[in-house]
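Have a look at the structure below, then the notes.
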Amino acid sequence: MILYSFRRCPWAMRARLALRYAGCQVQICEVAMKHKPAELLALSPKGTVPVLDTGAGVLEESLDIMRWALEQNDPQDWRLQGDPAAAQQAEDLIARNDSTFKVQVNLYKYAERYPEHSRQHYRLQAEAWLAELEGLLDGRGNLLADHPSLADAALLPLMRQFAGVEPLWFAEAAYPRVRSWLERWLASELFKSVMAK
């Protein structure tokens, strides 16, 4: 199996997380986005990453890759199969992360490209999401259960990107649980293994 990836891309990052967690033996092909390999374009003409060639089919979306990996092996129950309500909540969180929060992170990170408002304005727009996650982390170390779930792994890369825009602000912001959650993930062997150059 071959995963076409780009190390810093949040979508490729979460695909690598799920594949490594599930123990899938995958060859990683690091893609230079300005020089996309012909093999990638033959599999997926849109030319974005991640793309997984399983040998039996091609998956072109990070969430599809994550779900496929968990179907192969899910030792800690990231799919929350024993709790359908939490599993549905995970889907809802991921959908909002991938739509609303994604837009907010882009505006915040690249505020100079969107001079209609200040970077602080864009950050404030995103803080309702941080407050919601802070509430979910009350009394536990993960978003929806006592162990990591698909939601944790899927939300992690964009939160990492958000935190990196103004690290000093994030270090002092009123979201200590979100900060601890992010720091634990970033320090984990799983995350370090998928970010190794």
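Tell me what the chain gives for mean residue ellipticity at 222 nm when only DSSP H runs of n ≥ 4 count, each as -39,500 (n - 2.57), the sum divided by the residue total, rounded to 500 deg cm²/dmol.
Working: 10 runs with 109 residues, N = 197.
-16500 deg cm²/dmol, from helical runs alone.
Computed 3J(HN,Hα) for region 131-144, one whole-Hz value per residue from the Karplus formula 6.51 cos²θ - 1.76 cosθ + 1.60 where θ = phi - 60°, is 5, 5, 5, 4, x, 5, 8, 5, x, 8, x, 10, 5, 10, glycine and proline marked x. Projecting label points 7 angstrom from Cα along Cα→Cβ for residue 103 and residue 147 puts them 3.6 nm apart. The slack in the chain from residue 124 to residue 7, taken as 0.36 nm per residue of separation less the alpha-carbon distance, amounts to 39.3 nm. With contacts taken as Cα pairs under 8 Å and at least 6 residues apart, the chain reaches a relative contact order of 23 percent. Here the Karplus curve 6.51 cos²θ - 1.76 cosθ + 1.60, taken at θ = phi - 60°, turns the phi angles of region 33-41 into couplings of 4, 7, 9, 6, x, 4, 4, 5, 5 Hz, with x standing for Gly and Pro. Listing 68, 11 from fewest to most neighbouring C-beta atoms within 10 Å gives 68, 11. Note on region 84-192: dipole from Cβ charges, positive end direction compared against 84, 158, 111; the farthest Cα belongs to 111.
For 116, 60, which order do you get if you count the other beta carbons within 10 Å of each Cβ and list the fewest first?
Numbers: 116 8, 60 16.
Arranged by neighbour count, lowest to highest, 116, 60 become 116, 60.
Charges were assigned to the Cβ only: +1 to each Lys and Arg, -1 to each Asp and Glu. The resulting dipole of region 2-75 about its Cα centre is roughly 380 debye. Rounded to the nearest 20, the size of the Cβ-charge dipole of the chain about its Cα centre is 760 debye, with Lys and Arg at +1 and Asp and Glu at -1.
Given R₀ = 35 Å, FRET efficiency for residue 46-residue 132 by Cβ-Cβ distance, to 0.05? Walk me through the intermediate numbers first.
Details: r = 32 Å, r/R0 = 0.90.
With a Förster radius of 35 Å, E is 0.65.
The modelled label-to-label distance between residue 183 and residue 95, using points 7 Å beyond Cα along the C-beta direction, is 3.4 nm.
Amide hydrogen proximity for residue 29: with H placed 1.01 Å from N in the peptide plane, the residues at 5 or more positions away or on another chain lying under 5 Å are 3, 4, 5.
Computed from phi, the 3J(HN,Hα) profile of region 72-80 under the Karplus parametrisation 6.51, -1.76, 1.60 (θ = phi - 60°) reads 6, 6, 9, x, 9, 6, 4, 7, 6 Hz, with x in place of Gly and Pro. Working from Cα pairs under 8 Å separated by at least six residues, relative contact order for region 2-75 is 41 percent.
When the convex hull of the Cα atoms of the chain is projected onto a plane and the area is averaged over all directions, what value comes out in nm²? Before the final figure, lay out each step's value.
On the way: hull surface 46.9 nm².
That works out to 11.7 nm².
Using a simple spin-label model with pseudo-atoms 7 Å out from Cα toward Cβ, residue 117 and residue 193 lie 4.0 nm apart. Annotation: amide H-H contacts under 5 Å for residue 54 (H modelled 1.01 Å from N, sequence separation of 5 or more, or interchain): 59.
Applying 1/(1 + (r/R0)^6) with r as the Cβ-Cβ distance of residue 83 and residue 35 and R0 = 45 angstrom yields a FRET efficiency of 0.50.
Readers should treat all values here as calculations from the given coordinates under stated rules, not as data from a laboratory. What you see is a predicted model, and the numbers here were worked out from it, not measured in a lab. Backbone-built Cβ (ideal geometry, glycine too); neighbour counts: all protein chains shown.
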